[in-house]
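**Q** Take a look at the following structure, please.
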Amino acid sequence: MKIRIKGNSVRLRLTKPEVETFCKEGRYEEKTVFGSKTLTYVLEGKTGITEPEANYIEDKIIVYLPKEELAFWPNSNRVGYSNSVDWNDTTTLSILVEKDFTCLDNTIEDQSENYPNPRLKN
């Protein structure tokens with residue numbers, strides 16, 4: 001799972017196996033070690049919500065998706081989930097969680113577990 005943080009936005013991108021694991025177990029977690037501190041970022045299913053939510057507690061970023069969607073997302077054409085954000089409010093966190101597609105340009109990154117890019121012609 002990749003995380004991208006820019007300003008007041010958080011974006012998670014998951015490979016096909018990561019989406020499948022998340023949807024099966026209801027949770028997916030990654031860690032990045034910075035010497036004596038560790039940043040943990042988590043994607044977790046949560047009941048009672050209709051769009052992504054997030055929290056930051058003790059060096060842990062937790063992004064929540066509606067738990068009811070977990071059964072459908074792996075095999076659907078749905079790319080991802082985002083929250084409705086007032087772009088004029090700089091205190092509002094923008095959240096995007098999406099399937100990770102293969103790149104259209106050449107890259108040295110291993111993309112073997114990414115979703116096929118719909119823009120790539122066979």
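The values are calculated or read from the model by the stated rules, or taken from the named source; none is laboratory data. Values in this document were obtained by computation on a predicted structure and should not be read as measured data. With ideal geometry, Cβ positions are generated from the backbone for all residues, glycine too; neighbour counts draw on all protein chains shown. Just so you know, the surface numbers come from the protein's heavy atoms only, side chains and all, with ligands and any DNA or RNA stripped out. Shrake-Rupley method; radii C 1.70, N 1.55, O 1.52, S 1.80 Å.
**Q** Starting from residues that are farther than 18 Å from Lys60 by Cβ and of a type outside the set (S, T, N, Q), keep the ones in the range 19-35 and report whichever is farthest from the chain's Cα centre (by Cα).
**A** It comes out as Lys24.
**Q** Could you list, in sequence order, all residues of the range 22-52 that are open to solvent by 20 Å² or more (accessible area, probe 1.4 Å) and β-branched (Val, Ile, Thr)?
**A** Thr32, Val33, Thr38, Thr47, Thr50 - these are the residues of the range 22-52 that are open to solvent by 20 Å² or more (accessible area, probe 1.4 Å) and β-branched (Val, Ile, Thr).
**Q** Let me ask something else about it. Checking the condition under 11 Å from Val97 (Cα atoms) and touching a strand residue (DSSP E or B) at 6+ places or on another chain (Cβ under 8 Å), which residue from Tyr41, Tyr56, Tyr64, Tyr28 passes?
**A** On inspection, the qualifying residue turns out to be Tyr64.
**Q** Out of all the residues in the range 53-72, which are assigned to a strand (DSSP E or B) and either more than 16 Å from the chain's Cα centre (by Cα) or surrounded by 14 or more Cβ atoms within 10 Å (Cβ to Cβ) (or both)?
**A** If the condition is that a residue be assigned to a strand (DSSP E or B) and either more than 16 Å from the chain's Cα centre (by Cα) or surrounded by 14 or more Cβ atoms within 10 Å (Cβ to Cβ) (or both), then Glu53, Ala54, Ile57, Lys60, Ile61, Ile62, Val63, Tyr64, Leu65, Pro66 are the ones that fit.
One line per residue, one yes/no per condition, for (1) of a type outside the set (Phe, Trp, Tyr); (2) closer than 18 Å to Arg4 by Cα; (3) modelled with pLDDT of 75 or more; (4) part of a loop (DSSP other than H, G, I, E, B):
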site	(1), (2), (3), (4)
Glu51	yes, no, yes, yes
Arg78	yes, no, yes, yes
Val85	yes, yes, yes, yes
Asp89	yes, no, yes, yes
Ile95	yes, yes, yes, no
Leu104	yes, no, no, yes
Gln111	yes, yes, no, yes
Asn122	yes, no, no, yes
